[in-house]
1. Can you pull out the residues in region B:103-129 that are surrounded by 14 or more Cβ atoms within 10 Å (Cβ to Cβ) and away from chain A (no Cβ under 12 Å)?
2. Quick one: which of A:VAL134, A:VAL186 is farther than 26 Å from B:ILE154 by Cα and surrounded by 21 or more Cβ atoms within 10 Å (Cβ to Cβ)?
3. Could you please let me know if A:ILE154 is touching a residue at least 24 places away in the same chain (Cβ under 8 Å), surrounded by 20 or more Cβ atoms within 10 Å (Cβ to Cβ), under 13 Å from A:ALA87 (Cα atoms) and in contact with a strand residue (DSSP E or B) (Cβ under 9 Å, 6 or more places away or on another chain)?
4. How many residues are free of Cβ contacts under 8 Å to residues at least 24 places away in the same chain, near DNA strand C (Cβ under 9 Å from one of its atoms) and of a type in the set (Asp, Glu) when one looks only at region B:19-73?
5. crowded, with 21+ Cβ neighbours inside 10 Å, closer than 30 Å to A:SER191 by Cβ, within 12 Å of chain A (Cβ to nearest Cβ) and without any contact (Cβ under 8 Å) to a residue 24 or more places away in the chain, is that true of B:LEU177?
6. Do any residues in region A:185-196 that are outside any strand (DSSP E or B) have Cβ atoms under 8 Å from those of residues that are of a type in the set (Ser, Thr, Tyr), where the two are at least six apart or on different chains, and which pairs are they?
There are 2 protein chains.
Amino acid sequence: MAQHAGGLPEATISRLPLYHRALLEAAELKELTVSSERIAELTGLNAAKIRKDLSHLGTYGTRGVGYNVEQLMHQIARELGLTEDWAIAIVGFGNLGQALANYKGFLERGFEVVAIFDADPSKEGMSTTGGAVVMPIDQLKAISSRKRIDIAIIATPASSAQEVADLVVAAGITSILNFAPQVLAVPEGVSVRKVDLSIELQILSFYKQRTRMKTAEG
Amino acid sequence: MAQHAGGLPEATISRLPLYHRALLEAAELKELTVSSERIAELTGLNAAKIRKDLSHLGTYGTRGVGYNVEQLMHQIARELGLTEDWAIAIVGFGNLGQALANYKGFLERGFEVVAIFDADPSKEGMSTTGGAVVMPIDQLKAISSRKRIDIAIIATPASSAQEVADLVVAAGITSILNFAPQVLAVPEGVSVRKVDLSIELQILSFYKQRTRMKTAEG
DNA sequence: GGCTGTGAACCACTTCACAGCC
DNA sequence: GGCTGTGAAGTGGTTCACAGCC
């Protein structure tokens, strides 16, 4: 029930990329099958959780044997939409935007940077190793109507992030990866995921402080 | 009970940086007090959750009024360890490492890049806007014994990330922010947080595909 | 009347433990 | 014997709903 009615648990979804990577690793090591225990080793997760997660996808394991690496990897790729290529646009060609635009790992994983936008006219025409050229931000809508853009990465300063997000949404793009620190307001139906380095660092500093207190006490 | 015995729920901890940012915003707007409802607006979270989270810190609200912005912000900053400065080292001075090293937002939030390492000798001596200079990776241990390094950011290619992590741990650094795609093996007591762009993109593509299927059906 | 702080109900996810299959 | 798939139990987190204070 609810097997393939479309509903994977949220938590399972967020781990599928991890499994995919683990299987890739196993495949490179020429392992033909893997047990849930083996995947646990590769991902650092608990084996029972892995079995439950994978059971949501259907029945791809064999009792007494394990999971067929190729088959399961393919299945997860299909589920994640990795069997097709995705076109991404980067908005904001500052430090971070440039680093992202030149990152080769994207292409390997099926994400192609097809457009780059920036508000600064002096950056117009700059290009990347991948061949994308920086265009003025006011072209976003026009470009996006001409070529498919699946995902926009917002890498602008915080001060213009919301404005940019509005333009992105107006251009009909419904998936956003947000590097700006604030929470973006978007209409229903638009998915946003946020990457925030400061938050990660702050959480690390919390734990560091905590550990120090404990050592001081004990 | 367990109030200040040191145990905030994991989920609460991960939201504290969000509250801190929201309060900063409220302070900039000259708001003296905020209700949980107001914080909910600023963060996109649910007000009841916010009240519960904040109640874990102690009693800083006033019934009928709300929370004092300055006081609560300070309290959260203290809890997160943001009242002190943290020294970070960046390992790997490629595209990403350079972007991180030049990012001014860190300093604003109390994180100073005090050292940069890279295995490539040709990068040695390069420097950043912040004044840090790239040093050979084999100096990591020596440097870290001379000056305090609280957090290491691993921004190397995947192929050397584990090796680098071992060096980082050997140098006595116990907090790691990992940009490499794989799960790092570290001894107990070392905190690692992972930032993985591909995972974020893959999750976005999952939802995108999912939405498309739904629209196609309906 | 307004808003916090919190028990109680609810929910999602995790983990256990084992039946079922190879 | 080995390992999956899964009910059942356990856990942690969220949300409700309201008593309690301003």
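We did not get these values from a lab; they are worked out from the coordinates using the rules stated. Please read these numbers as outputs of a predicted model, since none were measured by experiment. Heads up, the Cβs are rebuilt from the backbone with ideal geometry, glycines too, and the neighbour counts pull from every protein chain shown.
1. B:VAL114, B:ALA115, B:ILE116, B:PHE117, B:ASP118, B:ALA119, B:LYS123, B:GLU124, B:MET126
2. It is A:VAL134.
3. It is false that A:ILE154 is touching a residue at least 24 places away in the same chain (Cβ under 8 Å), surrounded by 20 or more Cβ atoms within 10 Å (Cβ to Cβ), under 13 Å from A:ALA87 (Cα atoms) and in contact with a strand residue (DSSP E or B) (Cβ under 9 Å, 6 or more places away or on another chain).
4. 1
5. Taking the combined requirement at face value, the residue does not satisfy it.
6. Pairs found: A:GLY189/A:THR174; A:GLY189/B:THR211; A:VAL190/A:THR174; A:VAL190/A:SER175.
For every residue, the table says whether it meets (1) in a strand (DSSP E or B); (2) farther than 30 Å from B:ALA99 by Cα.
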residue: A:ARG21; (1), (2): no, no
residue: A:GLU31; (1), (2): no, yes
residue: A:ARG78; (1), (2): no, yes
residue: A:VAL114; (1), (2): yes, no
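Per-residue answers, yes or no, for (1) part of a loop (DSSP other than H, G, I, E, B); (2) under 18 Å from the mean Cα position of the chain (by Cα); (3) more than 30 Å from B:ALA101 (Cβ to Cβ):
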position: A:ILE90; (1), (2), (3): no, yes, no
position: A:PHE93; (1), (2), (3): yes, no, no
position: A:TYR103; (1), (2), (3): yes, yes, no
position: A:GLN139; (1), (2), (3): no, no, yes
